[in-house]
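Asks: One structure coming up, written as structure tokens, with questions to follow.
The values are calculated or read from the model by the stated rules, or taken from the named source; none is laboratory data. Just so you know, these numbers come straight off a predicted model, no measurement behind them. When we count neighbours, we look across all protein chains shown, and the Cβ atoms used for this are built from the backbone with ideal geometry, even at glycine.
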């Protein structure tokens, strides 16, 4: 399985933008890049996903490098509620019938007031 | 729109008892995944099911653990003869029908069931 590499932790200040990096140098052509986050004592929450083009939704933006070997999750204005572990995951498929997501250790984001 | 519903949220069992965890997928979703998160560790895939079929159980412990997703009703993760090491958060996730590997389909998680074995 293609792996992702993320910093163990990052710190941000409230109201400021946050850029969470992810390296996936062994990504294959059909792998989608997914981002989830997990707040303490809660289930993982879907944030965003993309294939080649940059993506935006109400929660965040996903910037994907042209060679797809890295991506960046952008939180435009961090709030205290954004403090969580953020996971960058490649979506693997197997003949179209198996699409499990393999979680790594993620990045622990701390947001300072 | 109801999300993925898991129950019970918290379950306490004595060593040797059975634990049953239930998961109702989101409306319209026919695929269910179970993940386990041990204390201070990451999420580990356990099993992937469609209605009445186990598609991938490569992450399931070989003994005492089983999962089903019947034609009617919720998916059940069953742990027989629980031991202290089974204490963990168990998360269920669901996704809609997946037609191709290129769908970019994502999965949505429930809030989890916290099992404590005493």
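Asks: For the stretch A:11-22, name all the residues that are closer than 11 Å to residue A:82 by Cβ and not in a loop (DSSP other than H, G, I, E, B).
Replies: A:12, A:18, A:20
Asks: Regarding residue A:10, is this residue more than 14 Å from chain B (Cβ to nearest Cβ) and more than 24 Å from residue B:90 (Cα to Cα)? Give the steps one after another, and end with the answer.
Replies: Values: more than 14 Å from chain B (Cβ to nearest Cβ): yes; more than 24 Å from residue B:90 (Cα to Cα): yes.
Yes: the conditions hold for residue A:10.
Asks: Another one. What about residue A:77, is it more than 9 Å from every other protein chain (Cβ to nearest Cβ) and either free of Cβ contacts under 8 Å to residues at least 24 places away in the same chain or over 18 Å from residue B:95 (Cα atoms) (or both)?
Replies: Details: more than 9 Å from every other protein chain (Cβ to nearest Cβ): yes; either free of Cβ contacts under 8 Å to residues at least 24 places away in the same chain or over 18 Å from residue B:95 (Cα atoms) (or both): yes.
Yes; evaluated as a whole, the condition is true for this residue.
Quick grid of which residues meet (1) facing chain B (nearest Cβ under 10 Å); (2) more than 15 Å from the chain's Cα centre (by Cα); (3) at pLDDT 95 or above; (4) in a loop (DSSP other than H, G, I, E, B):
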position	(1), (2), (3), (4)
A:30	yes, yes, no, yes
A:62	no, no, yes, no
A:98	yes, yes, no, yes
A:104	yes, no, no, yes
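Asks: Here is a follow-up. Specify the residue that is farthest from the chain's Cα centre (by Cα); the eligible residues are those in the stretch B:37-60 that are surrounded by fewer than 17 Cβ atoms within 10 Å (Cβ to Cβ), in contact (Cβ under 8 Å) with a residue 12 or more places away in the chain and more than 9 Å from every other protein chain (Cβ to nearest Cβ).
Replies: B:39
Asks: Looking at (1) within 12 Å of chain B (Cβ to nearest Cβ); (2) buried (at least 16 other Cβ atoms within 10 Å of the Cβ); (3) in a loop (DSSP other than H, G, I, E, B), find the lone condition where residue A:90 falls short.
Replies: (3)
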